[in-house]
Amino acid sequence: MKLYLIIVSLLCVEFFFAQNTTINTTPKIWSLEDCIEYALENNITIKDAALNKNIAEVDYNRARSSRLPNLFGNASQNFSNGNTIDPITSDFVSDQIHSTNVGINSSVTLFQGNQVNNQIKQNKLLLEQSIFEEEVEKNNIVLNLLETYLQALYSKESITIAENNLEASEKEVLRAKARLDAGNIALSDYTEAQSQAATNRYTVIASKNEYKQYIIVLKQLLELSPIEDLEIETINEDQDSIQFELNKIDVYSKALQFLPEIQSSNLNIAVNEKELDIAKGGFLPTLSLSGSVGSGYTSINENTFSDQFNVNFNQRLGVSLSIPIFNRNQTKAAIQTATINIEKSLIQKQSTEKEVYKKVETAYQNAVSAQEQVIAAEASKNAAEQSYKLAQKKYELGGLSTTDLVISQNIFTNAQQNYLQAKYLNILYYQLLQFYQGNDINL
């Protein structure tokens, strides 16, 4: 009886783990929104940009702290023998001396050509720029995800087309075999049907491999483990025939207001202008305040250690002014470099705006073209499908050769692929235009 209970318990445990394993290995179906949300939190490129932002924040806080006074403590123990100057009393003696010095000193810059304030402002601008640079990286990942996701969906649908063609060609091989056995066709017609079936089988394998390659790219963008399964969600049916009416100039104007690379280029100009202000501060004097307190002990004095520390306690307070007269043209060179960098940043902004316009123009023209291609490709697909169905019926009745049937099937296959490509290109460029207007990408 005990053995029976043990066996039953083991079977229950095994069944339980089997059920859990089945549940855990079921792959998650990822929508594009899921991919974007996950990638924004886990992609290493975005994490690297976030670390750069953290470094800029540290630099900004360090620049702000430069306004504060410093504070140092010091202590020293010295031994001297022979003719020397007592470090405490400053007397000239010829003896062995043990001396102790302790103290605290501090200094603060009161004025340095306004360089400290300008450095703080510049670091604040750099921090703001790093935030926009992080947004640029996020947008790049989002656009890469959009393109790869749609390419994977296109490849996935291509598998279905290839499998349907393979199924049809295998049926045609069976019909051709029956007609060959009946003596209605030549052996070459039968082998041609077999060749077409083999070609379609190869297409199925190639399509599946292409789909797997896009899944690998998606997993890398998401930073998923190589052993983790990934399945993607199909798009809404209303995405198949997107129509829009947009003005590319309006899209471009919105992109200039929305895209972080434009904001970053504006801040880059401001950063270099602050660098010029910092360089000009090198011509102005520097005013500093310093102070210290300290005491000491010397062995040649007969007073006790504590008494000497009380007697030798001293305080110092001083103001220093440093006036630049000639520093080997270093300040002049810094001003010239900063001026050049301002001009370069202005050119870089123009280059960025040109690149944005190129992207918007390309997306707009491709979107318009894709709209027209979808309509034409759909009409071509429907006509090729009807033609192929008629060819199949003629072939079954013996009124069409295998070669003509293969040609009709290939025409239909190409029409399907053309429509599929046009459909996903239409979706891609429409979503790009939505992105450049600051709208969310939504499949």
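Each reported figure results from applying straightforward, stated rules to the coordinates on display, with no laboratory input. These numbers come from a predicted model, not from an experiment. Cβ sites come from the backbone with ideal geometry, for glycine too, and all protein chains shown count toward neighbours.
Compute, for the range 274-415, the length of the dipole vector about the Cα centre, with Cβ point charges of +1 (Lys, Arg) and -1 (Asp, Glu) only. Units Debye, rounded to 20.
Approximately 340 debye in magnitude.
When all alpha-carbon pairs of the range 97-219 are counted, what percent fall beyond 25 Å?
65
Check cross-link reach from Lys28 to the aspartates and glutamates: straight Cα distance under 16 Å, and skip same-chain residues fewer than eight apart.
Within the straight-line cut-off, Lys28 pairs with Glu37, Glu223, Glu228, Asp229, Glu231, Glu233.
Helix-only mean residue ellipticity at 222 nm, the chain, DSSP H runs n ≥ 4 weighted -39,500 (n - 2.57), per residue, nearest 500. What is it?
The helix contribution divided over the chain gives -24500 deg cm²/dmol.
Could you tell me what % of all Cα pairs in the range 316-443 have separations over 26 Å? The partial results should precede the final answer.
Numbers: 4904 of 8128 pairs.
Summing the P(r) tail past 26 Å for the range 316-443 gives 60 percent.
May I ask for the longest run of the chain untouched by GluC sites (Glu not before Pro) that are loop-located per DSSP and have at most 14 neighbouring C-beta atoms (other than their own) within 10 Å? Before the final figure, lay out the partial values.
Working: sites that count: Glu228, Glu245, Glu302.
Answer from the scan: 1-227.
Pairwise over distinct Cα atoms, reciprocal of the mean inverse distance: report the Kirkwood radius of the range 20-157 in Å, one decimal place.
21.7
Give Lys254/Lys354; Lys53/Lys138; Lys138/Lys358; Lys208/Lys394; Lys138/Lys423 a once-over and call out the pairs whose C-alpha atoms are over 24 Å from each other. Present the calculation step by step, with values, prior to reporting the outcome.
Values: Lys254/Lys354 14 Å; Lys53/Lys138 13 Å; Lys138/Lys358 20 Å; Lys208/Lys394 32 Å; Lys138/Lys423 26 Å.
Pairs exceeding 24 Å: Lys208/Lys394; Lys138/Lys423.
Using a simple charge model, +1 on the beta-carbon of Lys and Arg, -1 on the beta-carbon of Asp and Glu, nothing else, what dipole does the chain show about its Cα centre, in debye to the nearest 20?
Working: 36 positive and 52 negative charges, 145 e Å.
Using Cβ point charges on Lys, Arg, Asp and Glu, the chain gives about 700 debye.
Tell me which label goes with the value of Rg and Dmax of the Cα atoms in Å computed from the coordinates here: (i) 25.9, 86; (ii) 39.5, 134; (iii) 32.1, 112.
Answer by label: (ii).
Can you list the lysines whose alpha carbon is less than 16 Å from that of Lys274, not counting same-chain residues fewer than 8 positions off?
Filter leaves Lys121, Lys124, Lys332, Lys344.
Normalized C-alpha radius of gyration of the range 188-315, against 2.2 N^0.38 Å?
Working: Rg = 39.0 Å, N = 128, 2.2 N^0.38 = 13.9 Å.
Normalised Cα radius of gyration, the range 188-315: 2.80.
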